[in-house]
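The values are calculated or read from the model by the stated rules, or taken from the named source; none is laboratory data. Bear in mind that the values here come from a model prediction, so they are computed numbers and not experimental data. In this analysis, Cβ positions are derived from the backbone assuming ideal geometry, glycine residues included, and neighbour counts consider all displayed protein chains. Ligands, DNA and RNA are stripped out before the accessible areas are found, and what is left, the full protein with its side chains, is counted by its heavy atoms. Shrake-Rupley method; radii C 1.70, N 1.55, O 1.52, S 1.80 Å.
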Amino acid sequence: MKKILTGIKPTGSGMHIGNYFGAVLPLIELSKKYDTTLFIPDYHSLTSVHDGDILTQNKARMLREYISLLPKNVRIFEQSKIDHINNMAWVLSSVTPYSLMLRAHSFKDAQNKNSDINMAIFNYPILMAADIISYDFDIVPVGKDQKQHLEFARDIAGNFNRTYGVDFFKLPEPHIDETVMTIPGTDGRKMSKSYNNHIWIFDDEKTLKKKIMSIVTGSEWLDDPKDPENCNVFALIKLFASEEKQTEIAQKYREWWYGYGHAKLELLDLILQYFSEARAKYQALEKDDNELQHRLEKGNHEANEMATQKYTQLMHIVGLWK
Ligand code: ADP
Ligand code: TRP
């Protein structure tokens, strides 16, 4: 069975509906066919988060979210629990041309936004290459913005193999799903934290309701017929309702008594129903994170075993260990 790996940084402050449909659901689908691993690249967060308490909180929240949503067969582990990952990155940096690193879009973007940048931002693609090639994963699903990092990982793995005349690192295949839809936010633009038009999945019901009630709609009166296909609320309803339910709601839009407020309440119900199991699990994990710790321990142990094996072989190839 092919092995797939993806990583999501714990820098943000929660998961919204756009993240779920754009990143989590495709991963759940892949986990039906492949041995699937999600890891938390927490060392990478240190490039931008310099407050220990905030990082701890973000990481804990993110782990609760993912463990509430992902099926049990998805392995989850923490990068910082992998003993040799930074040593691995050091060895790889010794076969990585400086000229390659200068081409990194992520570094150029960071440089354009802020002149005071740290070395970890520059070295980031090498650690990311180590993340990918230290365990012999076959496929790495990422968003389009990560495509170049994947190419770097392939280049770095190839450089190592050529330099030492070995066929040691597997060249990872990127998996970029061009069909993933863009989920609209409460104002109709792409849902994003940076536009503040997102709907968090795990907010309490009152906050969730407030957010849904703030969705921007047309200004027709209650007794005016409305066009569902031209409505931000209906665009979101379509993600959660069955075909039958969608037809039923679309019909109501065209009748005189149905207002946007009604549609918003239906959306709230649909969201609560869709995520009911995950939301209940999330709340339970907030009170008792035993299950979370257990799953992490298992994932960390398995990943560490794989990486240690690879690292031991690597140290022999480069001649540091006999
Ligand atoms: P944000 O824009 O809120 O900061 P991120 O950049 O952290 O979101 O996105 C994390 C993941 O979620 C990425 O894989 C991205 O492709 C996906 N994603 C984010 N917003 C959307 C959206 N509106 N529609 C579809 N996928 C999205
Ligand atoms: N750079 C990725 C991002 O910003 C996160 C990441 C780090 C990653 N290491 C990885 C993703 C390895 C996939 C595989 O989203």
Q. Using the heavy atoms of the protein chains alone and a 1.4 angstrom probe, what is the accessible area of the chain per residue in square angstrom?
A. 52 Å²
Q.
Strictly greater than 14 Å: what percent of every Cα pair in the stretch 19-82 meets that?
A. 62 percent
**Q.** Nearby lysines by direct alpha-carbon distance to K206 (threshold 16 angstrom, same-chain neighbours under 8 apart not counted)
**A.** K264
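Ignoring ligands, DNA and RNA, what percent of the 1.4 Å accessible area of the chain is carbon and sulfur?
Whole-percent figure for carbon plus sulfur exposure: 50.
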Q. Comparing H198, H84, H105, which has the greatest mean-square fluctuation in the GNM of the chain with Cα pairs linked when under 10 Å apart?
A. H105
Q: Provide, in order from the shortest bin, the percent of all Cα-Cα pairs of the stretch 205-274 in each 5 Å bin, continuing until the bin that contains the maximum pair distance.
A: 3, 19, 31, 25, 16, 6, 0
(Q) Hydropathy at least -1.0 by Kyte-Doolittle, axial extent at least 20 angstrom from the Cα trace: which helices of the chain, defined as entire DSSP H runs, fit? (A) 52-69, 119-133, 260-274
Q: Would you work out which of H294, A235, A263 lies farthest towards the positive end of the dipole of the stretch 224-322? Charges go on Cβ: Lys and Arg +1, Asp and Glu -1.
A: H294
Q) How many percent of DSSP beta bridges within the chain run antiparallel, rounded to 5? A) 15 percent
Q: Output the Cα-based Rg and Dmax of the stretch 238-322 in Å, rounding Rg to one decimal and Dmax to a whole number.
A: 25.4, 81
Q) Based on the alpha carbon coordinates of the chain, what radius of gyration and maximum Cα-Cα distance (Dmax) apply, in Å? A) 22.6, 82
